[in-house]
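Remarks on the structure that follows.
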Amino acid sequence: MFVRSHEQDITRTSLLRKHSTMSGRRVVVFPSVSELGPTLAQLVSSRAERALSAGRSSFSLGLSGGSLVSMLSKDLPAVENLDCSRWLIGFCDERLVPFSDPESTYGLYKNQLFGKINIPEDRILAIDPSLPVQECADDYADKLSKAFSPEQIPVFDMLLLGMGPDGHTCSLFPDHPLLQESQRTVAPISDSPKPPPQRVTMTLPTVNAARCVVFVSTGGSKAPVLKHVLEGGEGPALPSALVAPRQGELFWLVDEPAAASLTSQVERPGPGAKL
């Protein structure tokens, strides 16, 4: 009886995976953050191995702030035999504040994660917060251009994104003109509706050029906007719904509280599953 039930679970998971990948994304639900975090860390590690085994000189990873900082700082160093010496790390967006400011995404990762993994300092691409916001964006775009030469648009192996309660991602906010940006890879924003107002952000062309994009969204407060982004709703599409990698994978890793309002099919992997 147990064998038949287990086989049925495997078949159901396979069908759900087929359904979700047909729509260009995989929505994966975990009981809680404590199960989600280790799976995310394993996914990052596996995509790093895939990139390097394919002959690329480095594995390029774009980081975001918020709850991702503590999650990655806890679970990524716990991955067995993790080697980050050939990783190249950038940031999907950044607040224009000193690195010592608690709002600095780079500063948070430097204090909580980078000292726990063997990532060379010269392989971390950060903004120069001493520059005015326009010059800061231009300088960061130049750093990415040099690191990803000769690509016109930087193609990251993986971008890790969060989503705000208004549906924003990176520093791309609802109804903001930057959602229409089609030429720049990185753009400044001086009127962010969420403080601090001055930021630097990847644009949608850069985000959608990535080989793999992973959203992480947790908590019951995200349930309404997650449903709107994944299943549609009234009004213009929210920024997070505009993320659709042109030739890459798209994952949504969420916990049960965030997924509470979803009616579309999702994956619910068992303990220890790898994506």
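The values are calculated or read from the model by the stated rules, or taken from the named source; none is laboratory data. Being a predicted model, the structure only gives us computed values, none of them experimental. So basically every Cβ, Gly included, is an ideal-geometry build from the backbone, and we count neighbours across all protein chains shown. Quick note on the areas: whole protein, heavy atoms, side chains included, nothing else; ligands and nucleic acids left out. Shrake-Rupley method; radii C 1.70, N 1.55, O 1.52, S 1.80 Å.
F91 contributes about 10 Å² of solvent-accessible surface, heavy atoms of the protein only, 1.4 Å probe. For the chain, list the DSSP H helices whose alpha carbon atoms reach 20 Å or more along the long axis and whose average Kyte-Doolittle value is -1.0 or above? Helix filter hits for the chain: 2-22, 33-53, 133-147.
Could you look at the stretch 77-127 and say what percent of its accessible area is carbon and sulfur, using a 1.4 Å probe and all protein chains? Ligands and nucleic acids excluded, carbon and sulfur give 45 percent. Cross-link partners of K74 among lysines, defined as those whose alpha carbon lies under 27 angstrom from its own and excluding same-chain residues fewer than eight positions apart: K110, K116, K194, K222, K274. Size descriptors for the chain (Cα atoms only): Rg and Dmax, in that order, 18.4, 66 Å. Relative contact order (percent) for the stretch 210-275, with alpha-carbon contacts under 8 angstrom and 6 or more residues of separation? Computed value for the stretch 210-275: 52 percent relative contact order. Take every pair of alpha-carbon atoms less than 8 Å apart whose residues are at least six positions apart; their mean separation over the length of the chain yields a relative contact order of 25 percent. Charged neighbours of S53, selected by a Cβ distance under 13 Å, balance to +1 (K, R count +1; D, E count -1). For the stretch 35-164, relative contact order (Cα pairs under 8 Å, six or more residues apart, normalised by length) works out to 30 percent.
Only protein heavy atoms count here; under a 1.4 Å probe, R47 has an accessible surface of about 20 Å². On the stretch 139-268, 51 percent of the accessible area sits on carbon and sulfur atoms, based on a 1.4 Å probe.
For Y109, the solvent-accessible surface computed with a 1.4 Å probe is close to 0 Å², ligands and nucleic acids excluded.
Within the stretch 187-275, the GluC sites (Glu not before Pro) that combine a DSSP coil assignment with at most 16 other C-beta atoms in a 10 angstrom radius are E234.
Applying 0.36 nm per residue to the separation of F99 and S182 and subtracting their alpha-carbon distance, the gain on full extension is 26.9 nm. Rounded to the nearest 5, the antiparallel percentage of DSSP beta bridges internal to the chain is 25%.
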